[in-house]
Amino acid sequence: ELQNWCVCFLEHLSHVDAHPYEVALWVLLKKTQSANKDVRLQAVQEIAANHHWQDYQYQTAAQIIDQRTAVGLARTPQVDLRFFRHPLPPPALEDSLSAENDLRQLLASLPLSEVDKCVQYFTSLALRESDQSMAAQRGGLWCFGGNGLPYAQSLTSVPSEKVETFCLQALVQHSKSHCDLIVSNGGLPLLQRLYQLRRESLKIQRNIVRIIGNLALNEGVHQAIFQSGWLPVLAEMMQSPHIMQASHAARALANLDRDTVTEKYQDGVYILHPQTRDNQPIKADVLFIHGILGAAFKTWRQKDRSTLEEERDAKGSDDYTECWPKSWLAADCPNLRVLSVEYDSHLSDWMAKCPAENQRKSLAYRSRELLNKLKLAGVGERPVVWVAHSMGGLLVKKMLLDAADDPDLQGLIKNTKGIMFYSVPHRGTLMAEYSVNVRYLLFPSIEVRELCKDSPALRNLNEGFLKIAKENEIKVLSFAETLPTNIGPMIKIFVVPTQSADLGIGELIQVDVDHLNICKPEKKDSFLYRRSLQFIQEALQRYTSQ
């Protein structure tokens with residue numbers, strides 16, 4: 001109705017002495033409803049670029065714009081947040097218990113038939129923690145699902161934020177298979193309420209927006225996401241100085257933007273660049289794959305600096321970055337799409353270990369899972385350079401071997417132009433010489449026999465990859481650590497010796513850093529970053545210069 005009124009009002013303006021800016025806004029708002037996509041996109045761009053609107057005009061626009069226009073504005077760099085209707089004020093603190101109770105009820109309403117055993121396990125764990133928390137706060141006997149749960153009145157209460165985190169981590173997994181149920185059971189307004197209540201917790205915010213990003217993979221709930229007030233939240237989060245916050249919001253908005261984005265970004269696939277709508281054509285992809293103990297962001301942060309270095313840098317050099325591929329590489333190569341992939345992240349935050357986790361240990365399992373996600377993200381449709389640290393390099397090799405045997409993934413092989421390995425144990429490690437405790441600290445999720453020096457599994461993986469690399473003329477650059485890594489206060493070891501980091505093809509460069517810092521340049525003009533940048537540019541030069 002508002003949109004029809006907008007059209008009528010626009011016709012009325014043609015007969016009155018209206019201010020040019022007044023007419024211009026209504027003309028552009030009408031164009032956002034055009035059946036011609038190019039007209040719509042141009043109108044959104046012009047609305048966002050004009051800074052002469054008055055407050056009441058922003059308010060009017062916020063009342064009228066539809067979901068498609070709101071998504072376009074939210075994905076515009078540094079858009080004015082007055083274009084969005086703001087959510088309700090944060091609820092009172094006494095609503096915390098109510099939100100927690102509603103959250104656990106939502107979780108309990110979801111079936112476990114379509115989720116794997118680890119999700120079932122974590123759902124049960126989350127509900128158990130909730131039961132204990134509620135019982136501690138109420139005292140005595142509390143019932144759930146017909147079962148009486150007796151607890152002593154003196155039982156220590158589980159902190160609400162911890163319970164909420166457990167429930168949200170379980171909901172992250174359910175949001176991949178029970179999207180419609182979460183929406184129909186009131187999940188969107190509940191998550192909005194919890195987001196406003198826990199604004200001080202960046203971790204809870206990320207988990208909530210991660211769920212929204214998963215729900216946004218289903219186009220059937222896009223309107224519900226819009227109507228429940230998520231667009232202003234995502235637009236504000238996009239402008240966060242915290243790279244992780246902005247990247248979670250960017251993924252959710254990209255999944256909502258069906259006007260300019262054809263790819264879908266599943267859980268764990270993050271766009272580091274471009275995170276907004278951009279007129280710069282994307283010519284190639286660079287994919288960052290972390291090691292087993294790493295993550296999509298922290299693995300690629302700048303090397304931690306001493307206090308003296310921080311004071312010196314504050315006087316005039318580049319600011320410290322939480323993620324150099326986003327801050328540095330995106331600026332040096334604006335026509336590249338930069339992605340960072342995270343795997344096993346749904347297990348990493350749980351203190352408990354899932355009894356069914358063994359199936360996730362193999363490279364084969366991870367390879368199949370990530371290949372499916374990368375295919376949906378359009379990886380393989382344009383030239384690709386892979387950047388991998390430690391065990392992530394073995395995963396890249398396994399994915400390429402699996403892709404070579406899949407007719408639907410031949411584009412990924414043909415379009416792989418380069419691979420950069422940071423301390424990858426191509427020939428294994430001297431695991432047999434380490435204690436069981438040290439092994440677990442280094443590689444808790446990979447079977448030891450897969451990592452033993454010259455193991456048959458690694459040898460076969462290496463031989464198969466070398467064949468593919470030579471047949472497809474894939475450029476390779478390897479970095480090797482030359483300093484031991486501190487494992488606890490008493491142990492220093494070389495995690496990946498130089499001979500293991502040497503793949504046998506391409507250039508091998510030894511760097512005076514340890515295993516953890518081999519992928520963390522000290523600063524933008526350091527050798528490690530400049531050489532990495534040079535490799536990426538040379539591998540893709542033929543395609544990015546066109």
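Centre-to-centre separation between the Cα atoms of segment 267-304 and those of segment 471-546: 17 Å. For segment 451-498, the gyration tensor built on C-alpha atoms gives an oblate shape. Its axis ratio a/c (a ≥ b ≥ c) is at least 1.5, and a/b is not larger than b/c. Between residue 332 and residue 262, the distance separating the two model label sites (each 7 Å from Cα on the Cα→Cβ line) works out to 3.0 nm.
Given the Cα-Cα distance of residue 185 and residue 58 and 0.36 nm per residue of separation, how much length would full extension add, in nm? Write out the running numbers ahead of the final one.
On the way: separation 127, 0.36 × 127 = 45.72 nm, distance 3.28 nm.
The span from residue 185 to residue 58 would gain 42.4 nm if fully extended.
Amide H to amide H distances under 5 Å link residue 475 with 418, 419, where only residues 5 or more positions off or on other chains count and H is placed in the peptide plane.
For the peptides 118-124, 30-36, the ranking by mean Cβ contacts within 10 Å, running from highest to lowest, is 118-124, 30-36.
Highest average first, the peptides 45-54, 232-241 ordered by how many other beta carbon atoms sit within 10 Å of their residues are 232-241, 45-54.
Counting Lys +1, Arg +1, Asp -1, Glu -1, what net charge surrounds residue 39 among other residues with beta carbon under 11 Å of its beta carbon?
Taking every other residue near residue 39 into account, the sum is +2.
Bear in mind these aren't lab numbers, they're just calculated from the coordinates by the rules spelled out. Predicted model, so just to flag it, every value in this text is computed and none were measured. Ideal geometry is used to build each Cβ from the backbone, glycine not excepted, and the neighbour counts take in all protein chains shown.
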